[in-house]
Amino acid sequence: MADTKGMTGSQRFLRRVLGTTLAAAVVPLFVTGVGPASATNGTYLKRWAATMDGGAAAQTITQDQAVADAQTLDLIVARKTTFTPYLAAMRAANPSVRLLVYLNGAYAQQNQSPSSGAYPSSWYARDANGQPVTSKSDGNWLMDVSNQAWVQDRAQTCTSFLASSGYDGCYVDMLGSSSVSAGYVSSVPINPATNKPWTATDWLAATSNLGAAVKNANSTHMVVGNGLQNGRQYYATSGASSVLLNGLDGGNAQGWIRGAGDPINSFESVTNWKQDVNMLVDAGNKGKSVMTMTKVWGVTATQDQIDAVHRFALASFMLGTNGNQYFDFDANQTDGAAVPDHPYDHVDPGQPTGPYALKSRVYVRYFTNGIAVVNPSKTATYTFNLGGTYKNLQGQYMSSVTLAPDTGDVFTR
C-alpha cells in the first residue's frame, strides 16, 4: 500500500484491512443484500465513528470536513441533520460510505418527562414504588422497552428520521443491559411482566425484540444497535448480549479490548481477549457486523503507550474480522462530526489466506500482503519469525518481531 503518512484526510481514500477468523472454516469474504456492506475497495479494515455528541458547535461542519470523514470512514453514526447537506459530495468521494441516524431505543430525552405530554405515562419504566426511572448521567427517562406502543414508536421514528436525513440506516442506542445494572439509573426498574426487577436476560430479550421491530419496519436499510459491550457479555452464560444480533444487521461493542477509563497498562486475560476476537468471528459467520470501539479516555499515559494500545487493538481486530466488521480507536474522547484520522487505520495487508491461529506462542493471521501478530500473554515476551522482510505500523522494516506482553502489530510487504 502507498504510504498515507503526510496526506490530509481529504486526500486519503479509505484503506481497510482484515479477514475472517479462528475456527476451522474461512467465512465468506463478502456479504450481499441489505445488511452489512461488502469490504470497501476490496480491503479489510473498515473504520467507523460515532459523531452525534458534543453539542451544537461540534455538529457544525463544513463540506470539506464532511468529505474528509467520508474518505476515511466506512460507517458514520450521526444526528439526523448534521451531514444531510453534504451527502452528495460525501458519496461522490466514497460511494461505499454509509451514514446511520442516531436513535435512542430505551430512553426519552431529559425534557420529555411523564408530565410533559411527550409520551403517554404508561410508556415509562417504573420502580417498585411506581416512580419513573432516569439515567444518572444525563437525566433521560427510561421507557418500558416491552411496551409495544413504545416499540412501534421507535420503528416509526427510524422511518421518519431516514426520510428527513437521507441516511442509509438507523443506529438504535441503549439496548444493552446497563440500564438494569446497579448504579446506572436512579432506581431499580420493574419488569411489568414479572413485577420483579428486570433481569439482564429479560431486558436483552425485550430490547432484541425492539431492535428487530425497527429493522423489520425499515427492511431495506441497515439497522444496528448499541449493547454488545464486549466478548464477555456476548458469550455470557446469563444475559448474553449476542441475542441483540438476532434481528439486527450489527451491533456496537463499545468496551472492546478495554474499558474507556482503565489504566493504560490494564489488559484483559487471554481468555477474555479471545472472546473479544471470537465475537467478530461468530458475528461474521452469521452475516452480522460488530462495530468495535476501543477507548482510552481520561487516562494518564504517554503517546507511545496510547499508540501501543492502538496497535494491539488493531492487530487483534484483524485476527477476527471477515471484512464486514468495523474498527474504531478513540484516544481523544472526541465529540462531534469532524473525526480525527490516524495512519495506522489505513494499513492494507491484502486478503486473508485463512483464519487466525496460535503459532510459536503468539496469535497470527496471514494475508496476501501481510501478517497480523498478537501476544495477549500477561507475562511472557515472544519472538516470531515473519518469514520475510515486512514493514510494521510504525514504518520499521524487520524479518522477525519480539512482542512484549499485551502487544500486537500489523505487517505489510
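The values are calculated or read from the model by the stated rules, or taken from the named source; none is laboratory data. Not measured: the values here are computed from a predicted model. Using ideal geometry, Cβ is built from the backbone for each residue, glycine included, and neighbour counts are taken over all protein chains shown. SASA here: full protein model, heavy atoms, side chains in, ligands and nucleic acids out. Shrake-Rupley method; radii C 1.70, N 1.55, O 1.52, S 1.80 Å.
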### Query
Would the stretch 344-363 turn up any residue that is within 24 Å of D282 (Cβ to Cβ), in contact with a Phe, Trp or Tyr (Cβ under 8 Å, 6 or more places away or on another chain) and charged (D, E, K, R)?
yes
Per the filter on the stretch 240-286, residues surrounded by fewer than 23 Cβ atoms within 10 Å (Cβ to Cβ), charged (D, E, K, R) and closer than 19 Å to G323 by Cα are K274, D282, K286
Pairing a residue in the stretch 29-56 that is under 24 Å from N216 (Cα atoms) with any residue that is at pLDDT 85 or above and open to solvent by 50 Å² or more (accessible area, probe 1.4 Å), where Cβ atoms lie under 6 Å and the two sit 6 or more apart in sequence or on different chains, gives V34/T220
If you go through D138, D153, D168, D173, the only one that is closer than 30 Å to N272 by Cα and acidic (D, E) is D173
When the stretch 227-239 is checked residue by residue, the ones that are more than 17 Å from the chain's Cα centre (by Cα), open to solvent by 20 Å² or more (accessible area, probe 1.4 Å) and either β-branched (V, I, T) or over 12 Å from N272 (Cα atoms) (or both) are T237, S238
Of the residues in the stretch 53-73, those that are over 21 Å from the mean Cα position of the chain (by Cα), polar (S, T, N, Q) and surrounded by 14 or more Cβ atoms within 10 Å (Cβ to Cβ) come to Q65
Within the stretch 88-110, the residues that are touching a residue at least 24 places away in the same chain (Cβ under 8 Å), under 22 Å from the mean Cα position of the chain (by Cα) and in a helix (DSSP H, G or I) are M90
Might you check whether a residue that is open to solvent by 50 Å² or more (accessible area, probe 1.4 Å), at positive phi and without any contact (Cβ under 8 Å) to a residue 40 or more places away in the chain occurs anywhere in the stretch 141-160? no
Can you find even one residue in the stretch 97-110 that is closer than 24 Å to S219 by Cβ, surrounded by fewer than 21 Cβ atoms within 10 Å (Cβ to Cβ) and at pLDDT below 95? no
